[in-house]
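Below: the structure, in structure tokens.
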Amino acid sequence: MDHSHSHALFARAQALIPGGVNSPVRAFKSVGGEPFFAARAQGAYLYDVDGNRYVDYVGSWGPMIAGHAHPQVLAAVEKTMHDGLSFGVPNALEVTMAETITRLVPSCEMVRMVNSGTEATLSAIRVARGATGRSRIVKFEGCYHGHGDSFLVKAGSGVMTLGLPNSPGVPSALADLTLTLPYNDFDAATRLFDEVGGEIAGVIVEPIVGNANCILPRAGYLQHLRELCTQHRALLIFDEVMTGFRVAPGGAQQLYGVTPDLSTFGKIIGGGMPVGAYGGRRDLMAQVAPSGPIYQAGTLSGNPVAMAAGLATLELIQAPGFHADLERRTHALCDGLEAAAREAGIAFTTTRAPGMFGLYFREAPVETFEDAKASDAARFNRFFHAMLERGVYLAPSAFEAGFVSSAHGEAEIAATLAAAREAFAAVRA
Ligand code: PMP
């Protein structure tokens with residue numbers, strides 16, 4: 001594969017942009033090599049500036065659940081943009097968006113739009129602290145909630161990929177207020193609440209951890225967190241930036257039947273435009289300015305073009321059978337990969353939820369962050385490149401979930417499995 005145009009762009013980028021990228025994981029640091037630069041994308045495919053085509057299992061890290069450049073999403077954006085790009089006064093699409101989110105996710109009785117997942121999570125913990133009058137928050141090792149100061153403590157995603165579990169620049173006075181727990185460990189959560197339950201404003205969790213590869217909750221675990229929070233009057237915050245509208249129309253909270261007090265969203269609700277949202281119980285959200293004293297604002301929040309792209313995407317995911325179909329595709333991919341690895345004699349396993357999956361080079365099932373870390377990351381890195389050379393783009397880190405979209409049809413999955421059979425053979429040595 002020729003990558004000369006990407007290589008030249010990366011050289012120019014590195015001179016002026018830290019690491020040559022505007023978000024760390026894009027730099028291919030952990031898998032090695034250089035990133036390719038996108039020229040365009042369509043359906044399940046990304047095309048780079050050298051004319052190479054890839055089946056894309058990253059999907060812009062989650063938003064492109066209906067495939068890239070979906071005609072309905074593009075039409076909505078085009079129609080809206082002719083009326084102006086930003087108004088700074090309310091617009092009707094914001095109301096439709098609030099109505100759509102609160103209808104699909106009943107625990108969100110009120111919702112506020114922001115511009116990224118990071119903004120959503122840092123606003124949600126401000127509400128948790130403001131509403132409870134408590135300062136401590138609890139997060140889980142390997143979970144990533146964006147780059148807000150309080151979250152860069154034992155975080156997942158690029159933070160972990162780059163081996164920077166705690167970031168310089170975060171004052172210890174603030175980081176000390178973030179307590180961490182091992183995900184899926186019932187007793188550790190109980191013990192922490194026994195010790196300091198009365199000081200905890202909120203527990204924030206990725207209900208399915210998509211930033212430490214892809215770890216599913218053990219049966220009853222999210223319910224356990226719900227009960228601890230209720231008992232100690234702490235707020236339960238589900239960070240559904242990744243899982244929201246993906247694993248079910250109402251997100252992981254619908255899939256597992258557990259109701260959080262607050263939820264955060266991003267990715268899919270923007271359809272590829274920069275959008276986030278946080279919402280929850282009316283009595284909590286009513287405390288946000290200007291109806292209450294907890295301050296949060298945004299010049300571009302509720303941007304009409306972003307709302308149009310998000311609403312068109314949310315329309316698509318409400319088609320009957322959308323998520324069952326996504327789940328079938330995800331299983332076909334993961335079952336096929338496991339079979340190909342078995343044929344090649346490679347220790348390999350997968351985890352999956354509708355539309356998202358984890359790949360692990362180890363035999364035993366993965367249920368905890370420790371399990372995920374025990375996967376052979378060096379072998380993953382070789383597999384990643386072997387797949388890329390064969391036109392399949394996986395997340396460029398052993399610690400990121402992959403995403404399947406409704407545009408990943410039988411042909412794309414068959415091509416992926418054909419590439420995987422060769423790639424597994426290539427990494428066997
Ligand atoms: N929460 C979760 C669960 C995420 O996966 C991410 C981003 N991958 C974020 C928050 C942060 O979102 P953003 O990158 O839009 O700030």
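It is to be established whether one or more residues within the stretch 70-77 are in a loop (DSSP other than H, G, I, E, B) and within 30 Å of Ala297 (Cβ to Cβ). So far as the stretch 70-77 goes, no, none of its residues is in a loop (DSSP other than H, G, I, E, B) and within 30 Å of Ala297 (Cβ to Cβ).
Quick check on this structure: which one of Ser167, Ser123, Ser150, Ser135 is under 30 Å from Gly32 (Cβ atoms) and of a type in the set (Ser, Thr, Tyr)? Before the answer, list the steps.
On the way: Ser123 fails: under 30 Å from Gly32 (Cβ atoms); Ser150 fails: under 30 Å from Gly32 (Cβ atoms); Ser135 fails: under 30 Å from Gly32 (Cβ atoms).
Sole residue among the options that is under 30 Å from Gly32 (Cβ atoms) and of a type in the set (Ser, Thr, Tyr): Ser167.
Scan the stretch 109-150 for residues that are assigned to a loop (DSSP other than H, G, I, E, B) and within 16 Å of the ligand (Cβ to nearest atom) and the total you get is 10.
Evaluate the following for Thr299: is it under 18 Å from the mean Cα position of the chain (by Cα), under 30 Å from His70 (Cβ atoms) and not small (Gly, Ala, Ser)?
On the way: under 18 Å from the mean Cα position of the chain (by Cα): no; under 30 Å from His70 (Cβ atoms): yes; not small (Gly, Ala, Ser): yes.
Here the answer is no, as Thr299 does not meet what is asked.
On the given criteria, is Ile346 under 26 Å from Gly244 (Cα atoms), at pLDDT 95 or above and out of contact with any Gly (no Cβ under 8 Å at 6 or more places or on another chain)? Can you show your working first?
On the way: under 26 Å from Gly244 (Cα atoms): no; at pLDDT 95 or above: yes; out of contact with any Gly (no Cβ under 8 Å at 6 or more places or on another chain): yes.
No; evaluated as a whole, the condition is false for this residue.
Might you let me know whether the stretch 258-276 holds any residue that is at negative phi and touching a His at 6+ places or on another chain (Cβ under 8 Å)? Yes, the stretch 258-276 contains at least one residue that is at negative phi and touching a His at 6+ places or on another chain (Cβ under 8 Å). For the stretch 316-330, the set of residues classified as of a type outside the set (A, V, I, L, M) and either part of a loop (DSSP other than H, G, I, E, B) or closer than 13 Å to Leu74 by Cα (or both) consists of Gln318, Pro320, Gly321, listed by residue number.
Just to be sure before I move on: is Gly32 small (Gly, Ala, Ser), touching a residue at least 12 places away in the same chain (Cβ under 8 Å), closer than 27 Å to Gly358 by Cβ and surrounded by 17 or more Cβ atoms within 10 Å (Cβ to Cβ) in the structure I sent? Spell out the reasoning first.
Values: small (Gly, Ala, Ser): yes; touching a residue at least 12 places away in the same chain (Cβ under 8 Å): yes; closer than 27 Å to Gly358 by Cβ: yes; surrounded by 17 or more Cβ atoms within 10 Å (Cβ to Cβ): no.
No; evaluated as a whole, the condition is false for this residue.
Please verify whether the stretch 413-423 includes one or more residues that are out of contact with any helix residue (DSSP H, G or I) (no Cβ under 9 Å at 6 or more places or on another chain) and within 30 Å of Pro320 (Cβ to Cβ). Among the residues of the stretch 413-423, at least one is out of contact with any helix residue (DSSP H, G or I) (no Cβ under 9 Å at 6 or more places or on another chain) and within 30 Å of Pro320 (Cβ to Cβ), which makes the answer yes. Checked against (1) under 19 Å from Thr259 (Cα atoms); (2) under 19 Å from the mean Cα position of the chain (by Cα); (3) within 15 Å of the ligand (Cβ to nearest atom), Val153 passes all but condition (1). All conditions but one from (1) surrounded by fewer than 23 Cβ atoms within 10 Å (Cβ to Cβ); (2) assigned to a helix (DSSP H, G or I) apply to Thr299; the one that does not is (2).
Condition first: more than 20 Å from Leu316 (Cα to Cα) and in contact with a Pro (Cβ under 9 Å, 6 or more places away or on another chain). Now tell me which residues in the stretch 226-252 satisfy that. Break it down into steps so the answer makes sense when it comes.
Start the filter on the stretch 226-252 by keeping residues that are more than 20 Å from Leu316 (Cα to Cα), which leaves 226-239.
Arg226, Cys229, Leu235, Leu236, Ile237, Phe238, Asp239, listed by residue number.
The values are calculated or read from the model by the stated rules, or taken from the named source; none is laboratory data. Here the structure is a predicted model, which is why all the values come from computation and not from measurement. Methodologically, a virtual Cβ is constructed for each residue, glycine included, from the backbone with ideal geometry; neighbour enumeration extends over all protein chains shown.
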